[in-house]
Amino acid sequence: AWYATGVNTLPFKLINQKGIQVTNAKGVHAQQLSEFLFAFILDDYKQLKEVYKEQEQQVYNSKRTTQSIENQVILFLGTGVIAKRAAQVAKVFGMKTIGINTSGRKVDQFDQTFLLRERATIYQEADIIVNLLPETKETYHLLTSEDFKAMNAHTLFINIGRGTITKEDTIVSALKNKWIRKAYLDVFEKEPLNDNSELYDID
């Protein structure tokens, strides 16, 4: 975490002592992160990485087939400004959108919303699961092995929220044990990622 994103690293005791006013620019990253999210999704569904590797090897693979994201179910952990913008884009592609938040309240751009504590019962409906929850005491290491085991084996998991939502070892186990199909991670539990992290070696 850094001072431009999140509040978990701010010295609030000192801030309160000095009477310093803290402000934010809510939603300033919504468009950029939505674009990153769909870059990840399309890279996966259209197999762009694999096609590029074939191009480098001068291989013309006419048998390769790709998948459409239309009618795919995308589940967002968090329904804030960034998630709403991403869900809006998802609906343009014809996707079904599910939102998970602490209250289960209805939010624009989401076809359905559920309580955070109900998440494990909803995972099976999703093809893609995106974490956009902030880092709080309640969300720190929120996603455990049991969460990933409850997901579909074909699930694409994307974290563009906070890396501390789960332990690095948990993600590694989820991928090695094929509890999920693939993960795109824009953030990590510890940043920068250690040079010897197993995440570098998992395909």
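Things worth noting here:
- Residue match in segment 48-70 (condition: under 22 Å from residue 161 (Cα atoms) and touching a strand residue (DSSP E or B) at 6+ places or on another chain (Cβ under 6 Å)): no
- Annotation note: Cβ proximity below 7 Å between a residue of segment 94-112 that is on the phi > 0 side of the Ramachandran plot and a residue that is aliphatic (A, V, I, L, M) (sequence gap 6+ or interchain) occurs for 104/115; 109/87.
Rundown of residues vs (1) of a type outside the set (Lys, Arg); (2) within 13 Å of the chain's Cα centre (by Cα); (3) farther than 18 Å from residue 116 by Cβ, yes/no style:
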{"position": "150", "(1), (2), (3)": "yes, no, no"}
{"position": "157", "(1), (2), (3)": "yes, yes, no"}
{"position": "176", "(1), (2), (3)": "no, no, yes"}
{"position": "182", "(1), (2), (3)": "no, yes, yes"}
{"position": "186", "(1), (2), (3)": "yes, yes, yes"}
{"position": "189", "(1), (2), (3)": "yes, no, yes"}
{"position": "195", "(1), (2), (3)": "yes, no, yes"}
{"position": "199", "(1), (2), (3)": "yes, no, yes"}
{"position": "202", "(1), (2), (3)": "yes, no, yes"}
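- A residue that is in a strand (DSSP E or B), at pLDDT below 95 and of a type in the set (Ser, Thr, Tyr) occurs nowhere in segment 19-27.
- Subset of segment 106-152 [of a type in the set (S, T, N, Q) and modelled with pLDDT of 95 or more]: 109, 112, 113, 121, 124, 131, 139, 144, 145, 152
- Going through (1) surrounded by fewer than 20 Cβ atoms within 10 Å (Cβ to Cβ); (2) more than 15 Å from residue 75 (Cβ to Cβ); (3) touching a Ser or Thr at 6+ places or on another chain (Cβ under 8 Å) one by one, residue 185 falls short only on (3).
- Scanning segment 181-198 for residues that are farther than 14 Å from residue 165 by Cβ and either touching a Leu at 6+ places or on another chain (Cβ under 7 Å) or of a type in the set (Val, Ile, Thr) (or both) gives 181, 182, 193.
- Subset of segment 68-103 (residues that are under 17 Å from residue 129 (Cα atoms) and in a loop (DSSP other than H, G, I, E, B)): 68, 69, 70, 71, 72, 78, 79, 80, 93, 94, 95, 102
One line per residue, one yes/no per condition, for (1) touching a residue at least 24 places away in the same chain (Cβ under 8 Å); (2) touching a helix residue (DSSP H, G or I) at 6+ places or on another chain (Cβ under 8 Å):
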site: 45; (1), (2): yes, no
site: 58; (1), (2): no, no
site: 63; (1), (2): no, no
site: 68; (1), (2): no, yes
site: 76; (1), (2): yes, yes
site: 80; (1), (2): yes, no
site: 83; (1), (2): yes, no
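- Qualifying residues in segment 97-120 (those that are among the hydroxyl-bearing types (Ser, Thr, Tyr) and within 22 Å of residue 71 (Cβ to Cβ)) - the one surrounded by the fewest Cβ atoms within 10 Å (Cβ to Cβ): 113
- Filtering segment 122-151 to residues that are surrounded by fewer than 20 Cβ atoms within 10 Å (Cβ to Cβ) and of a type in the set (Asp, Glu) leaves 125, 138, 146.
The values are calculated or read from the model by the stated rules, or taken from the named source; none is laboratory data. From a predicted model like this one, the values you see are computed outputs, not experimental measurements. A quick note on method: Cβ atoms are made from the backbone with ideal geometry, for glycine too, and the neighbour counts reach across all protein chains shown.
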